[in-house]
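A.B. asks: Mind having a look at this structure? Questions to follow.
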Amino acid sequence: MANPITAVIQCEEKLSCGINMPKDPDNLTDLEKKHLPIITAPPTVKKGDCFEVAVEVGKLLQHPNEPAHYINFIDLYADHTYLARMDLTSQRTCPTMKICLILDHIHEKLRAFAHCNIHGVWEGQVKIEVTQ
Ligand SMILES: [Fe+2]
């Protein structure tokens, strides 16, 4: 029988388990630069107003985009509230989501999750202030 503690440790060491985030945001590795979703959004938005958001994967260092290795979806959340998903195919799409949002109550941050078919899920965040 597998030791559950050993199983957790082994899982935490694998990129395909859990959610990957930069270990040192001021000193990103090449792997982190390739996978980190970069969110571009206004720092302040008015409650109920439409605004544009872009999520780009590979903006800092291009990620492969071939059938054997590519970003196959991007999810977007406001804090823990699900907003959108974009499913992607390799070669004919770029790992970028551009979307218009309307937030109806206070949130602290936008969170994007990008899934690489080899290197798992990566999370990027940006702070956002929703005003009345
Ligand atoms: Fe990857």
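A.B. asks: With the structure loaded, tell me whether residue 81 is at negative phi, more than 16 Å from the ligand (Cβ to nearest atom), touching a residue at least 40 places away in the same chain (Cβ under 8 Å) and of a type in the set (Val, Ile, Thr) or whether it fails that test. Give the derivation first.
C.D. replies: Values: at negative phi: yes; more than 16 Å from the ligand (Cβ to nearest atom): yes; touching a residue at least 40 places away in the same chain (Cβ under 8 Å): no; of a type in the set (Val, Ile, Thr): yes.
No.
A.B. asks: What residue, of 78, 84, 54, is under 13 Å from residue 126 (Cβ atoms) and surrounded by fewer than 19 Cβ atoms within 10 Å (Cβ to Cβ)?
C.D. replies: Criteria check complete, one pass: 54.
A.B. asks: Next question, about the same structure. Determine whether the range 10-22 contains at least one residue that is loosely packed, with under 13 Cβ neighbours inside 10 Å, assigned to a loop (DSSP other than H, G, I, E, B) and at pLDDT 95 or above.
C.D. replies: no
A.B. asks: Could we say that residue 54 is in contact (Cβ under 8 Å) with a residue 60 or more places away in the chain, small (Gly, Ala, Ser) and more than 15 Å from the ligand (Cβ to nearest atom) here?
C.D. replies: Against the criterion (in contact (Cβ under 8 Å) with a residue 60 or more places away in the chain, small (Gly, Ala, Ser) and more than 15 Å from the ligand (Cβ to nearest atom)), residue 54 does not qualify.
A.B. asks: With respect to residue 99, is the statement that it is among the β-branched types (Val, Ile, Thr) and touching a Ser or Thr at 6+ places or on another chain (Cβ under 8 Å) true?
C.D. replies: Numbers: among the β-branched types (Val, Ile, Thr): yes; touching a Ser or Thr at 6+ places or on another chain (Cβ under 8 Å): no.
In short, no.
A.B. asks: With respect to residue 49, is the statement that it is at pLDDT below 95 and more than 23 Å from residue 23 (Cα to Cα) true?
C.D. replies: No.
A.B. asks: Give the residues of the range 98-132 that are farther than 30 Å from residue 62 by Cβ and in a strand (DSSP E or B), sorted by residue number.
C.D. replies: Keep residues of the range 98-132 that are farther than 30 Å from residue 62 by Cβ, which gives 102-108, 129-132.
Residues satisfying the conditions are 102, 129, 130, 131.
A.B. asks: Further question: Going residue by residue through the range 58-66, is there one that turns out to be loosely packed, with under 15 Cβ neighbours inside 10 Å and in contact with a strand residue (DSSP E or B) (Cβ under 8 Å, 6 or more places away or on another chain)?
C.D. replies: no
A.B. asks: How about the range 60-97: which of its residues are assigned to a loop (DSSP other than H, G, I, E, B) and among the small types (Gly, Ala, Ser)?
C.D. replies: Those that are assigned to a loop (DSSP other than H, G, I, E, B) and among the small types (Gly, Ala, Ser): 68, 90.
The values are calculated or read from the model by the stated rules, or taken from the named source; none is laboratory data. Just so we're clear, the structure is a prediction, and the values are computed from it rather than from any experiment. Reconstructed Cβ throughout: ideal geometry from the backbone, glycine too, with neighbour counts over all protein chains shown.
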